[in-house]
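**Q** Before we start, here is the structure in question, set down as structure tokens.
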Amino acid sequence: MSEFVEECRREWRRLGVSDPVANEMAADLTADLEEAEAEGGSLEDVLGNSAFDPRRFAASWAVARGVTGPQPPSRSPLWRPPVAIALTFILGVLTIFAALAILSGHTSSAIAVTHQIIEGRGSIRVVPSGPGRIVLPGPLGPFVGTQISGIGLDPLALLLLIVGVVGLALLGVLYWRPWSGSRRFRHQRGGGTPGWN
Amino acid sequence: MASTEGRRSQLLRGVLDLCLLAVMGEGPAYGYEMTKRLRARGLSIVGQGSIYPLLGRLERDGLVETRRAASNGGPPRKYYSLSPEGERELDSGVSEWKTTRDAVDGALGLVKVEVGP
């Protein structure tokens, strides 16, 4: 019986019930259970089916008395885990760069880093790749590009594009559906507050 | 038989607060004492649920008053008694119950059943 009361205490603590109130409820319950035991009764004689689910019983009692602590603020349905946001950003950038690489029309058998140098106000000049290590002058110092020999541009860009698109699709299914955030939160808040059963 | 128990539980659900208020009307009582009073009146099914959450709600709603006092040789207990508002709630609830019971009897009373010993 003391195990039952201790389990109730843990649940009250979890629900934010203040110690004085929890102590009072635990004392009342303990006294009733001890009296029933002294009369030859069992836990079930006092609590019925609730005897098999102390957490449910404790939550029900605390909610009925209105002594539970403040609940955590509900999250917006738009909330997403930071990991999902970061992955989406990385995959998005990867996909865009892969698509740009394919669209830029590079067909050589080598891939080189493409540098964008901003010249003046609002003008962008894209410097095409060249063989070997290239050094480009710039207003903030020379830019250095490194050639990766032996890798075809199109297959690699295509591979990155596929990885990016598939990754974004998976993330979309897992995290970015309109109902996915609220569904997970409802699950976390599950448990309910039982009454008479 | 399980469905019979379920129906009794459902029927009692709506009036258990009145039953608790009624047994409190006999005098202040602590939780387990009320359970025993209800059992003495044939409501042993109370064991299928717990009266503690219900007592908590009655207290929160101001229908009962509580005080802590020593019990017979045991630890101090929380005694529940009717508040003035609880007495009014009991009166109106009993009246409503009788009206409902008569209406249900009017419908079910036409059915002839053999009641066992």
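**Q** How would you rank B:ARG77, A:ARG65, going from fewest to most other Cβ atoms within 10 Å of each one's own Cβ?
**A** Numbers: B:ARG77 23, A:ARG65 20.
The most exposed by this proxy come first: A:ARG65, B:ARG77.
**Q** Moving on to the next point. Using 1/(1 + (r/R0)^6) with R0 = 35 angstrom and r between the beta carbons of A:GLU44 and B:LYS112, what's the FRET efficiency to the nearest 0.05?
**A** Values: r = 37 Å, r/R0 = 1.07.
E between A:GLU44 and B:LYS112, to the nearest 0.05, is 0.40.
**Q** With a cut-off of 13 Å, note down the residues of the range B:5-21 whose backbone N falls inside the zone around a label point 7 Å from the Cα of B:VAL94 toward its beta carbon.
**A** B:18-21
**Q** Let me ask you something else. Could you pull out every one of the lysines with an alpha carbon less than 27 Å from that of B:LYS36, ignoring same-chain neighbours closer than 8 positions?
**A** Answer for B:LYS36, where 27 Å is the Cα cut-off: B:LYS78, B:LYS98, listed by chain and number.
**Q** Can I ask one more? Between B:ASP102 and B:GLU85, how many nm apart are label points set 7 Å from Cα along the C-beta direction?
**A** 3.0 nm
**Q** Give me B:LYS36, B:LYS78, B:LYS98 ranked fewest to most by other Cβ atoms within 10 Å of their Cβ, as a rough exposure proxy.
**A** Working: B:LYS36 16, B:LYS78 21, B:LYS98 10.
Ascending number of Cβ neighbours within 10 Å: B:LYS98, B:LYS36, B:LYS78.
**Q** From the C-alpha gyration tensor of the range A:2-74, pull out the three semi-axes of the equivalent ellipsoid (sqrt of 5λ each), sorted largest to smallest, in whole Å.
**A** Values: eigenvalues 116, 30, 16 Å².
So the three semi-axes of the range A:2-74 are 24, 12, 9 Å.
**Q** Contour minus end-to-end for B:ASN72 and B:THR4, with contour as 0.36 nm per residue of separation and end-to-end as the Cα-Cα distance?
**A** Working: separation 68, 0.36 × 68 = 24.48 nm, distance 3.79 nm.
Here the segment from B:ASN72 to B:THR4 would lengthen by 20.7 nm.
**Q** Would you kindly derive the ³J(HN,Hα) couplings of the range A:88-102 from the backbone phi angles with the Karplus curve 6.51 cos²θ - 1.76 cosθ + 1.60 (θ = phi - 60°), listing them in order in whole Hz, with x for Gly and Pro?
**A** 4, 4, 4, 5, x, 4, 4, 5, 5, 5, 5, 5, 5, 4, 5
**Q** Pairs of Cα atoms under 8 Å, at least six residues apart: use those to get the relative contact order of chain B, whole percent. Kindly include the intermediate steps, with their values, before the conclusion.
**A** Working: 92 pairs, mean separation 29.6, N = 117.
Normalised by residue count, the contact order of chain B is 25 percent.
**Q** Between A:THR30 and A:ILE162, what is the label-to-label distance in nm when each label sits 7 Å out along the Cα-to-Cβ direction?
**A** A separation of 6.7 nm, rounded to one decimal place.
**Q** Extension gain B:GLU65-B:LEU18, at 0.36 nm per residue separation less the Cα-Cα distance, in nm? Could you put the intermediate results ahead of the total?
**A** Working: separation 47, 0.36 × 47 = 16.92 nm, distance 1.53 nm.
Length gained between B:GLU65 and B:LEU18: 15.4 nm.
**Q** Rounded, prolate or oblate: which fits chain B, taking a ≥ b ≥ c as square roots of the Cα gyration tensor eigenvalues, rounded meaning a/c under 1.5, else prolate when a/b beats b/c?
**A** Details: a/c = 2.59, a/b = 1.67, b/c = 1.55.
Verdict is prolate for chain B.
**Q** Taking R0 as 25 Å, what's the FRET efficiency between A:GLU6 and A:GLU37 from their Cβ-Cβ distance, rounded to 0.05? Walk me through the numbers on the way to the answer.
**A** Values: r = 16 Å, r/R0 = 0.64.
E(calc), rounded to 0.05, equals 0.95.
Bear in mind these aren't lab numbers, they're just calculated from the coordinates by the rules spelled out. From a predicted model like this one, the values you see are computed outputs, not experimental measurements. Backbone-built Cβ (ideal geometry, glycine too); neighbour counts: all protein chains shown.
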